[in-house]
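Visitor: Okay, handing you the structure first.
Throughout, read-outs are computed from the coordinates displayed, never taken from laboratory work. Here the structure is a predicted model, which means the values were calculated and not measured. Here Cβ is always computed from backbone atoms with ideal geometry, including for glycine, and neighbour counts include all displayed protein chains.
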Amino acid sequence: MIKYIFLVTILMTILIACSKDKDSAQVSASYGEKLFQQKHIGKNKSIGCIMCHSLSNEKTVGPSLKYISKRAALIHPNMSAREYIYQSITEPDAYIVAGYIPGLMYSFYKQELTELEINSLVEFLLLQ
Ligand code: HEC
C-alpha cells in the first residue's frame, strides 16, 4: 500500500512538472495569437504582423490572412499548409502572393524570432 502511494505521488509530481512546462515553453496557437496581435515583435521590437495583415476581409499593406490555412494548402503541390506558412514568415520573398511585390513584407523574422515564436504563429495561422 505504501509503495502504491509512493508511486502515485511520483506520478503526480511528474504530471504537474509537465503541465507547467506547457505554459511557458511549448508551441501553442494561443501564444501565436498573442504574438500576431503585437504591434512590435521579436528581440529587436520590429514591426508586428497585425500592422500589415488583418484576419478579416480588410486588405491592408499585406493580404488578409482570413482562410490562410485553406489557401496555403493549395499554393504548392508539394508543400503542406504548415510548410507554406512557415516559409512565408521566414522567407517572405520565396513566393509572392499575386498582386504584391517582393520586399514588402518584413524579412528578418527568421533571425529575430525564436523557433517557438515562429511555430506558435504558424499554429495560430493554421486555425484561420
Ligand atoms: C510590412 C508589412 C508586413 C508585415 C509586418 C508582415 N507581413 Fe506578411 N506579408 C506582407 C505582404 C506585402 C505579403 C504578400 C507578399 C509576399 O508574398 O511576400 C505578405 C505575405 C504573408 C503571408 C502569405 C499570405 C498568402 O496569402 O499566401 C503570410 C502567411 C504572412 N505574410 C504572415 C505574416 C506574419 C505571421 C507576420 C508577422 C510575424 C507578417 N506576415 C508580417 C506584408 C507584411
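Visitor: I need the chymotrypsin sites (Phe, Trp or Tyr not before Pro) found in segment 99-128, filtered to DSSP loop residues with at most 14 other beta carbons within 10 Å of theirs.
Guide: In loop regions of segment 99-128 (DSSP not H, G, I, E or B), the sparsely surrounded chymotrypsin sites (Phe, Trp or Tyr not before Pro) are Tyr100, Phe108.
Visitor: Here's another thing I want to ask about it. Quick one: which of Lys59/Lys110; Lys39/Lys59; Lys45/Lys110 span more than 22 angstrom between C-alpha atoms? Don't skip to the answer; put the middle values down first.
Guide: Working: Lys59/Lys110 24 Å; Lys39/Lys59 17 Å; Lys45/Lys110 14 Å.
As for pairs spanning more than 22 Å Cα to Cα, those are Lys59/Lys110.
Visitor: If you place +1 on the Cβ of every Lys and Arg, -1 on the Cβ of every Asp and Glu, and leave all else neutral, what size is the dipole of segment 33-128 about its Cα centre, to the nearest 20 Debye? Before the final figure, lay out each step's value.
Guide: On the way: 10 positive and 9 negative charges, 49 e Å.
Using only the charged Cβ atoms, the result is roughly 240 debye.
Visitor: Using the Cα gyration tensor of segment 27-125, with a ≥ b ≥ c the square roots of its eigenvalues, what is the shape: rounded (a/c below 1.5), prolate (a/b larger than b/c) or oblate (neither)?
Guide: Working: a/c = 1.33, a/b = 1.20, b/c = 1.11.
Cα axes put segment 27-125 in the rounded bin.
Visitor: By a straight-distance test (C-alpha under 16 Å), which aspartates and glutamates pair with Lys70 as possible cross-link partners, with residues fewer than eight away in the same chain excluded?
Guide: Glu83, Glu123
Visitor: Sticking with this one: Please state the relative contact order of segment 27-125 as a whole percent: Cα pairs under 8 Å, 6+ residues apart?
Guide: Values: 142 pairs, mean separation 36.4, N = 99.
Normalised by residue count, the contact order of segment 27-125 is 37 percent.
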